[in-house]
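Down below is the structure, laid out as structure tokens.
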Amino acid sequence: MTIMLLGCLSRVISLKFVENRSKSRKVCHSVGTIPDMFLARRHERILAALAGGGQSVVQLAESLGVSESTIRRDLDILAKGGRLERLYGGAMLTQGSRATITDSGAVEDPFTSDSRGDLELRQKMAAEAARLVADGDVVVLDIGSTTQLVARELRGRPVTIITSNLAVLDEVRDDDAVELVLLGGVLRRNQQSLVGPLAEQVIGQLSADMMFLSCTGVRGGRVLDNMAVEAPIKQALIAASQAIVLLASELKFPGSGALRLCSLDDVDVLITTAGTPQDELVHRRETGRKVIVA
């Protein structure tokens, strides 16, 4: 198997910048202006929100009666004390994490959590997706657990896979038939992905036959995502691909998300499941666009 990792040196420089910036950041403690008891209680409520499934920074600020900047400072304090891990764009519990609080206002589930309850749906979509790939094709596999299943279906096939999804790497790392192009970038551990400006620059040099795109929602004729740090990567990969195949189960209609990845009309093939609202499918079929119900 051939694995190409693009942008390693720049990634090291990028990580050094993040490390230096982190060291220089000052955490502003509220001791002296807010009683310690209230501060501790607020911290416990933040941790409870993470353990119970998560809330956005905006929601926490409203429920606790403080500013969003105060919540972000609290996250930094809790991270310093080892009670949570501060991520780019949010935070997650260091142990037993069930969700992530994000600065963007969205609640991000860890990578494996979207596999609960809909594994069978995603497996069916992955099988249909693999049937669209011809030997010799260059395909992009987006970040996400459904595209991991697509990679599993492509094992043993003479194809080239471009991805920033480390779960895809895990699926095909020992497959001699697959050529894997792994994008460089900054590691997001809970999402098993590489993101950042480095990855975006590298994508501009690539060309693919098709992209298998994941999302968090489809509504109003738009394909949406809720992760600001991932959206630019997805958009760049869309631009680098000749055809777009959207993997969106019935749970993604309408789903969630405020960041527009593309128009639904930009999608060449929609792979979905039987519970998707029929009006969504009829419109696509009437306009001559392909729909596959797994």
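None of the figures in this text is laboratory data; all of them are computed from the coordinates on show. These figures come from a predicted structure and were not determined experimentally. No Cβ is skipped: glycine too gets one built from the backbone with ideal geometry, and neighbour counts run over all protein chains shown.
May I ask you to sort M227, M125 by Cβ crowding, counting other Cβ atoms within 10 Å and putting the fewest first?
Working: M227 23, M125 28.
Least crowded to most crowded, the residues run M227, M125.
Pairs of Cα atoms under 8 Å, at least six residues apart: use those to get the relative contact order of segment 221-294, whole percent. If you can, show how the numbers build up before the last one.
Numbers: 102 pairs, mean separation 26.4, N = 74.
For segment 221-294, the relative contact order is 36 percent.
Which FRET efficiency value, to the nearest 0.05, do you get for A228 and D279 by plugging their Cβ-Cβ distance into 1/(1 + (r/R0)^6) with R0 = 45 Å? Write out the running numbers ahead of the final one.
Numbers: r = 30 Å, r/R0 = 0.66.
Using R0 = 45 Å, I get an efficiency of 0.90.
In nanometres, what is the gap between the two model label sites at R289 and D265, each 7 Å from Cα along Cα-to-Cβ?
0.9
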